[in-house]
Amino acid sequence: MTQVIEGMELVYEKPQTMTDAYLHYCPGCGHSVAHRLLMEVVQEMGIQDRTVGVAPVGCSVFAYNYMNIDMQEAAHGRACAVATGVKRVMPDKFIFTYQGDGDLAAIGTAETVHTINRGENILIVFINNGVYGMTGGQMAPTTLIGMKTTTSPYGREQATMGYPLKITEMISVLPGAFYVTRQAVHTAAAVRKTKKAFEKAFEYQKLNRGTCFIEIVSNCPSGWKMTPVESNEWMEKNMFPLYPLGDIKVPTQLN
Amino acid sequence: MIRGTIIVAQDTCKGCELCIVACPQDCIEMSERLNVRGYRYAQLKNDTCTGCVNCALVCPDVAITVYRQPKSTSKKIQPAAAVA
Ligand SMILES: Cc1ncc(C[n+]2csc(CCOP(=O)(O)OP(=O)(O)O)c2C)c(N)n1
Ligand code: SF4
Ligand code: SF4
């Protein structure tokens, strides 16, 4: 129960669309902020009983423990395919997937691309922290050149490991993509913008005009071996130049 | 000046310190004591909180509840503040 303070107004409390479970994420991890924003929007739109989320494999595999809505767990990388099925069976429900970069942009690349190419009427939430967090900070397709991970101990080298995959830009050119944006959750201002993006994406889903895709450039303090505060500074300095924040594709005509 | 305050759920806080960075009033500090999970937790260190909500927005563990003096009561002090 939220405490009442005499003479004071309550201006922020945990959304009721989140469970009371203790979040298992590492201290300072952006995953939890993204969870909360999604649930705030679901609560404010009054769609708790009409929203179905699809959880990935990765650190956010337990997303269903925290989001107090109907959820389905998918095999690694297959969240978009599962969400396609759920949406087609229940077209009046709001469907979203929640996936990391290993899940969405490595093992699940095919499902992701083809789901958007079909213009499935779902929201894809993509958390890009540049590593495989859950399994111990291995290199991901999104890892920066020169970035040290457990599988690129001398830093990612382009000649043998390729370039960081800008999958958000890639899928934005597909006609099935309706709204594509890149956001972050490390400052209060960024959090407010990301929440607006979630609101728009759920509103757009009512129009049935294609896939909405929201990338969140995030941190992984444990995988990056930094404190949470350091990781956010490092992210601003190193991730944002390659993954600039802002809208990539916005609907030109809304009806 | 609008007055606000926060309540931190001590045993939910993981001591990440992101709220300290987010607070424009510099009114949050880490505790000396550890909570049940072994983390130092965030706490108010002075009464300059305006209830701006920034700390709660960045808190990954949703450990912060924010309160603010209602506009009607804070208005009484506002004219003087506006002149200054
Ligand atoms: C089929 C299959 N292959 C590999 C794994 C091992 N695995 C678990 S999580 C993961 C990567 C997760 O990384 P990411 O999607 O970036 O999420 P994060 O943990 O960083 O949030 C891998 C490779 C698995 N569980 N299943
Ligand atoms: S390993 Fe990284 S992504 Fe996973 S919970 Fe910890 S900080 Fe977050
Ligand atoms: S942001 Fe939240 S979890 Fe982190 S120190 Fe502040 S209250 Fe604790």
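The values are calculated or read from the model by the stated rules, or taken from the named source; none is laboratory data. Here the structure is a predicted model, which is why all the values come from computation and not from measurement. Don't worry about glycine lacking a Cβ; one is built from the backbone with ideal geometry, like all the others, and counts go over all protein chains shown. Side chains are part of the model used for accessible areas, which takes the heavy atoms of the whole protein and leaves out ligands, DNA and RNA. Shrake-Rupley method; radii C 1.70, N 1.55, O 1.52, S 1.80 Å.
Take the residues in the range A:1-21 that are among the hydroxyl-bearing types (S, T, Y) and more than 23 Å from A:D70 (Cα to Cα), then tell me which one is surrounded by the fewest Cβ atoms within 10 Å (Cβ to Cβ).
Residues of the range A:1-21 that are among the hydroxyl-bearing types (S, T, Y), as a first pass: A:2, A:12, A:17, A:19.
Now restrict to residues that are more than 23 Å from A:D70 (Cα to Cα): A:2, A:12.
Details: A:T2: 11, A:Y12: 23.
It comes out as A:T2.
In this entry, A:G53 is excluded by the filter for residues that are crowded, with 17+ Cβ neighbours inside 10 Å and touching a Gly at 6+ places or on another chain (Cβ under 7 Å). One residue alone among A:G85, A:G100 is open to solvent by 10 Å² or more (accessible area, probe 1.4 Å), closer than 17 Å to A:C29 by Cα and of a type in the set (G, A, S), and that residue is A:G100. For the range B:15-31, the set of residues classified as closer than 15 Å to B:A56 by Cβ and either more than 10 Å from ligand 3 (Cβ to nearest atom) or at the interface with chain A (Cβ under 7 Å from one of its Cβ atoms) (or both) consists of B:C16, B:E17, B:L18, B:V21, B:A22, B:P24, B:Q25, B:C27, listed by residue number. Restricting attention to the range B:1-14, the residues that are open to solvent by less than 30 Å² (accessible area, probe 1.4 Å), at the interface with chain A (Cβ under 8 Å from one of its Cβ atoms) and farther than 15 Å from A:I5 by Cβ add up to 1. Residue pairs whose Cβ atoms lie under 6 Å apart, separated by 6 or more positions or on different chains, with the first residue in the range A:7-27 and touching a residue at least 60 places away in the same chain (Cβ under 8 Å) and the second among the basic types (K, R), are A:P27/B:K14.
Scanning the range A:195-223 for residues that are within 16 Å of ligand 2 (Cβ to nearest atom) and either away from chain B (no Cβ under 14 Å) or free of Cβ contacts under 8 Å to residues at least 60 places away in the same chain (or both) yields A:E215, A:V217, A:G223. In the range A:113-138, of all residues being buried (at least 24 other Cβ atoms within 10 Å of the Cβ), near ligand 1 (Cβ under 10 Å from one of its atoms) and away from chain B (no Cβ under 14 Å), the one that is nearest to the chain's Cα centre (by Cα) corresponds to A:F126.
Could you please let me know if A:Q183 is in contact with a Lys or Arg (Cβ under 8 Å, 6 or more places away or on another chain) and among the polar types (S, T, N, Q)? Spelling it out, A:Q183 is indeed in contact with a Lys or Arg (Cβ under 8 Å, 6 or more places away or on another chain) and among the polar types (S, T, N, Q). Applying the condition of being away from chain B (no Cβ under 14 Å) and of a type in the set (F, W, Y) to the range A:225-255 and asking which residue is farthest from A:P164 (Cα to Cα) yields A:F240.
The rows are residues; the columns are (1) within 14 Å of chain A (Cβ to nearest Cβ); (2) more than 11 Å from the chain's Cα centre (by Cα); (3) modelled with pLDDT under 95.
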residue: B:Y39; (1), (2), (3): yes, yes, no
residue: B:C49; (1), (2), (3): yes, no, no
residue: B:P60; (1), (2), (3): yes, yes, no
residue: B:P79; (1), (2), (3): no, yes, yes
residue: B:A82; (1), (2), (3): no, yes, yes
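Residues in the range B:13-28 that are under 23 Å from A:Y22 (Cβ atoms) and touching a strand residue (DSSP E or B) at 6+ places or on another chain (Cβ under 7 Å): B:C13, B:G15, B:E17, B:C19, B:I20, B:I28. Checked against (1) modelled with pLDDT under 95; (2) buried (at least 17 other Cβ atoms within 10 Å of the Cβ); (3) of a type in the set (V, I, T), B:T65 meets all criteria but (1). Summed over the range A:8-20, residues that are at the interface with chain B (Cβ under 7 Å from one of its Cβ atoms) and more than 18 Å from B:V53 (Cβ to Cβ) total 0.
One line per residue, one yes/no per condition, for (1) in contact with a Pro (Cβ under 7 Å, 6 or more places away or on another chain); (2) closer than 19 Å to B:V58 by Cβ; (3) at the interface with chain B (Cβ under 8 Å from one of its Cβ atoms):
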| site | (1), (2), (3) |
| --- | --- |
| A:Y22 | no, yes, yes |
| A:C29 | yes, yes, yes |
| A:M39 | yes, yes, no |
| A:I47 | no, no, no |
| A:Y64 | no, no, no |
| A:T84 | no, no, no |
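When A:K14 is tested against the conditions (1) out of contact with any Ser or Thr (no Cβ under 9 Å at 6 or more places or on another chain); (2) more than 14 Å from ligand 1 (Cβ to nearest atom), the lone failure is (1). Restricted to the range A:183-194, and to residues there that are touching a helix residue (DSSP H, G or I) at 6+ places or on another chain (Cβ under 6 Å) and within 25 Å of A:I116 (Cα to Cα), the residue that is nearest to the other protein chains (Cβ to nearest Cβ) is A:V185.
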